[in-house]
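Colleague: Before I ask anything, here is the structure I am working with.
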Amino acid sequence: MMENLYKIAVKVKTEYIEYQSDPNRERYVFSYTVKIKNLGKIPAKLISRKWIITDANGKIEEVEGLGVIGEQPRLLTNESFEYTSGTILRTPVGSMHGNYRMIADNGYEFKAEIPIFSLNKPKILN
């Protein structure tokens, strides 16, 4: 089956970066760490990414580009690649999702979906 040949798992962890944020200026900084794992039967290379970033006001920003953090990792079967990047929102809450464009060693191109995840400034206790 095709889905067994080409299967990329994507997991994301997020963190609010308080020391870089400035709520008085509508600046909320978040980091996200992405772990990409090739669960398919064929090695595949990450070619490009597409992110859809939405803030609490409904403002949507699309970001596309080659690779991730300047790399285009090639993943063997069961191999993982992890990286950390970041984004800035104008609201303390938002979400991101998107996809990676992959190309398998046999030339087949496919997309690895990045499931939606939330970006949330933690509650502040008095």
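Colleague: Among the residues of the range 35-66, write down those that are polar (S, T, N, Q) and surrounded by 15 or more Cβ atoms within 10 Å (Cβ to Cβ).
Modeller: Selection gives Asn38, Ser48, Thr54.
Colleague: With respect to Glu15, is the statement that it is assigned to a strand (DSSP E or B), without any contact (Cβ under 8 Å) to a residue 12 or more places away in the chain and over 26 Å from Asn4 (Cβ atoms) true?
Modeller: No; evaluated as a whole, the condition is false for this residue.
Colleague: Do you know which residues across the range 16-41 are in contact with a Pro (Cβ under 9 Å, 6 or more places away or on another chain) and farther than 30 Å from Tyr108 by Cβ?
Modeller: Tyr16, Glu18, Ser21, Pro23, Tyr28, listed by residue number.
Colleague: Select from the range 67-87 the residues that are exposed (fewer than 15 other Cβ atoms within 10 Å of the Cβ) and within 18 Å of Arg27 (Cα to Cα) and list them in ascending order.
Modeller: If the condition is that a residue be exposed (fewer than 15 other Cβ atoms within 10 Å of the Cβ) and within 18 Å of Arg27 (Cα to Cα), then Ser85, Gly86 are the ones that fit.
Colleague: Taking the range 103-126, which residues are in contact with a Lys or Arg (Cβ under 7 Å, 6 or more places away or on another chain) and of a type outside the set (Val, Ile, Thr)?
Modeller: Across the range 103-126, the qualifying residues are Glu109, Lys111.
Colleague: Test of understanding: among Lys45, Lys50, which residue is under 30 Å from Lys123 (Cα atoms) and either assigned to a strand (DSSP E or B) or among the charged types (D, E, K, R) (or both)?
Modeller: The unique qualifying residue is Lys50.
Values in this text are rule-based calculations from the coordinates and carry no lab data. From a predicted model like this one, the values you see are computed outputs, not experimental measurements. Note: ideal-geometry Cβ built from the backbone for every residue, glycine included; neighbour counts use all protein chains shown.
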